[in-house]
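The values are calculated or read from the model by the stated rules, or taken from the named source; none is laboratory data. These numbers were taken from a predicted model, which means no experiment stands behind them. All Cβ positions, even for glycine, are placed from backbone atoms using ideal geometry, and neighbour counts span all protein chains on display.
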Amino acid sequence: MKFYSTNNPSIRVSMEEALLRSLPADRGLYMPETIPSMGADFFNSIADDSLADIGFQMSSALFKDAIPANRLEELVHRAFPFDTPVVALEKGKSHVLELFHGPSLAFKDVGARYMAAMMGYFLEQSNREVHILVATSGDTGGAVAMGFLGVPGIKVTILYPTGRVSELQEKQLTTLGQNITALEVDGTFDDCQALVKTAFTDVELNQQFSLASANSINIFRLIPQSFYYVRAYGQVKHFGKPVVFSTPSGNFGNLSAGTLAYKMGLPIHQFIASTNLNHVVPRYLETGAYAPKPSVETISNAMDVGSPSNFVRLTHLFNDDFDTLKQMLSGYYFDDEQTKQAMADVYQQFNYVTCPHTAVGYLGLKSYQHIHKDVCGISLATAHPAKFKELVESVIHTPVDIPASLEELMNRPKQSIKMKADFAEFKDMLLQTA
Ligand SMILES: *Cc1c(COP(=O)(O)O)cnc(C)c1O
């Protein structure tokens, strides 16, 4: 399996290079050059398979030339010691796909842990060291920190904006130690991202380190996210209805991953792109014009993205054909009031607690089903409600428990390096660790 760059389809690199380099030099994004089809027998046989079982079979189809089967199986099982269960709100009609059973309680664990396992494998083969830089507004940093903790050959530096992440999120970034360093930047998320971007283009830093990204621009965070769409299909296939997925979206990595599953043969009837008021993609579907904008702040803040970095992947997966994309993908967007109302309604009707992102996905599914009644709907639950405890409690007026595994983190001391949003300071700090 080779990868091409979306800016230059004649460029071809190996799995190892796409994984470790993260970004092609031409600033495009890596995409798989061919997408193998799994065949109908596979999709008919997976009802009882775990996420790891399915992940291994799909990984084999993709990467059997790069990693021996027994190692691949072990790596995939190490990445996914948890499952992604489908929970019915209304059986056969409306379900949620719970993607928050990993260590950081958000779906980003799936991508981060798979990527960590694969990187660990290639680094062990080559005795190389990689330094991962990641800017986070909250969820990505926690998944990356927990996913890469203790992986030999990898150092991780996480930049986060001081005072702008939740307490639980900050604990996930700052209490692990070992190969994980947290930089608490006196600035915004955009400042953190700008520092990381500048580092990737700095000649001296690139001579000193093999720098890599763990944001969803890395195709290896995205590929494993296709596995849970397949796992979910296995859990609802027996209803015998067309299956539709609603994906609460920001950077559109998650939805691109669903499209990848579809390209590998998963019989999906329709995708739904559900967003908050950062609605570039739903608007694009309405008008045919793609108009990125500065982001606006909402309560589903992991989706506050005005210029989605995976949009180009989504269009590539549909061969840049707007009409085909529009046939397969519906788009809806919702404001904060509608989101809170949905959180309250779902709790009242089904006794089920959602985070604000999950509520946006639920609303998108409902809007679609208003017209298309006889489909089996699955909306993706992207984070555990405890990650947004204060907000959720204020909406449903009921306490939300933090899972035991994270209670323990809450008691550990925070360790961070405070820093101005200044590239020279950031660079010195990195060079000192070389
Ligand atoms: C990252 C995130 C999203 C958005 O996912 P994309 O792949 O960027 O579209 C949605 N919900 C939660 C909870 C997230 O952490």
Taking into account only those residues within the range 262-295 that are under 24 Å from CYS376 (Cα atoms) and within 14 Å of the ligand (Cβ to nearest atom), which is surrounded by the most Cβ atoms within 10 Å (Cβ to Cβ)?
SER274
Pairing a residue in the range 342-356 that is within 13 Å of VAL400 (Cβ to Cβ) with any residue that is in a loop (DSSP other than H, G, I, E, B) and away from the ligand (no atom under 16 Å from the Cβ), where Cβ atoms lie under 8 Å and the two sit 6 or more apart in sequence or on different chains, gives TYR347/THR398; VAL353/THR398
Is there a residue in the range 220-230 that is hydrophobic (A, V, I, L, M, F, W, C), crowded, with 23+ Cβ neighbours inside 10 Å and away from the ligand (no atom under 16 Å from the Cβ)?
yes
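Do you know which residues across the range 361-400 are among the acidic types (Asp, Glu) and not in a helix (DSSP H, G or I)?
To start, the set of residues in the range 361-400 that are among the acidic types (Asp, Glu) comprises 374, 390, 393.
Listed by number, the list holds a single entry, ASP374.
Taking the condition free of Cβ contacts under 8 Å to residues at least 60 places away in the same chain and under 20 Å from THR259 (Cα atoms), does SER5 pass? Walk me through it before giving the result.
Details: free of Cβ contacts under 8 Å to residues at least 60 places away in the same chain: yes; under 20 Å from THR259 (Cα atoms): yes.
Answer is yes for this residue.
Can you confirm whether GLY102 is under 28 Å from VAL346 (Cβ atoms) and buried (at least 21 other Cβ atoms within 10 Å of the Cβ)? Break it down into steps so the answer makes sense when it comes.
Details: under 28 Å from VAL346 (Cβ atoms): yes; buried (at least 21 other Cβ atoms within 10 Å of the Cβ): yes.
The answer is yes for GLY102.
Each row is one residue, and each column tells you yes or no for (1) crowded, with 24+ Cβ neighbours inside 10 Å; (2) touching a Gly at 6+ places or on another chain (Cβ under 9 Å); (3) at positive phi; (4) not aromatic (Phe, Trp, Tyr).
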site	(1), (2), (3), (4)
ALA116	yes, yes, no, yes
SER137	no, no, no, yes
VAL151	no, yes, no, yes
ILE154	no, yes, no, yes
LEU159	yes, yes, no, yes
THR188	no, no, no, yes
LYS197	no, no, no, yes
If I filter the range 231-250 for residues that are modelled with pLDDT under 95 and either among the polar types (S, T, N, Q) or within 13 Å of the ligand (Cβ to nearest atom) (or both), do I get at least one hit?
yes
Criterion first (among the basic types (Lys, Arg), more than 13 Å from the ligand (Cβ to nearest atom), within 17 Å of PHE220 (Cα to Cα) and in contact with a Pro (Cβ under 9 Å, 6 or more places away or on another chain)) does ARG113 satisfy it?
yes
When restricted to THR136, THR162, the only residue within 16 Å of the ligand (Cβ to nearest atom) and in contact with a strand residue (DSSP E or B) (Cβ under 9 Å, 6 or more places away or on another chain) is THR136
Selection count where residues are touching a helix residue (DSSP H, G or I) at 6+ places or on another chain (Cβ under 9 Å), over 30 Å from ASN206 (Cβ atoms) and not β-branched (Val, Ile, Thr), scope the range 13-44:
6
What residue, among those in the range 336-365 that are hydrophobic (A, V, I, L, M, F, W, C) and within 12 Å of the ligand (Cβ to nearest atom), is farthest from LEU277 (Cα to Cα)?
CYS355
Among the residues of the range 401-420, write down those that are part of a loop (DSSP other than H, G, I, E, B), more than 15 Å from THR181 (Cβ to Cβ) and either within 26 Å of the chain's Cα centre (by Cα) or of a type in the set (Phe, Trp, Tyr) (or both).
ASP401, ILE402, PRO403
Per the filter on the range 296-324, residues closer than 22 Å to GLN338 by Cα and away from the ligand (no atom under 12 Å from the Cβ) are VAL296, GLU297, GLY306
When the range 12-37 is examined, which residues are found to be among the β-branched types (Val, Ile, Thr) and in contact (Cβ under 8 Å) with a residue 24 or more places away in the chain?
THR34, ILE35
Residue pairs meeting the criteria (Cβ under 9 Å; at least 6 apart or on separate chains; first near the ligand (Cβ under 9 Å from one of its atoms) and at pLDDT 95 or above, in the range 368-391; second of a type in the set (Asp, Glu) and assigned to a helix (DSSP H, G or I))
THR382/ASP139; ALA383/ASP139
THR339 - would you say it is more than 28 Å from GLY28 (Cα to Cα) and among the hydroxyl-bearing types (Ser, Thr, Tyr)?
yes
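PRO413: of a type outside the set (Gly, Ala, Ser), touching a residue at least 60 places away in the same chain (Cβ under 8 Å), surrounded by fewer than 23 Cβ atoms within 10 Å (Cβ to Cβ) and within 16 Å of the ligand (Cβ to nearest atom), yes or no?
On the way: of a type outside the set (Gly, Ala, Ser): yes; touching a residue at least 60 places away in the same chain (Cβ under 8 Å): yes; surrounded by fewer than 23 Cβ atoms within 10 Å (Cβ to Cβ): yes; within 16 Å of the ligand (Cβ to nearest atom): no.
Against the criterion (of a type outside the set (Gly, Ala, Ser), touching a residue at least 60 places away in the same chain (Cβ under 8 Å), surrounded by fewer than 23 Cβ atoms within 10 Å (Cβ to Cβ) and within 16 Å of the ligand (Cβ to nearest atom)), PRO413 does not qualify.
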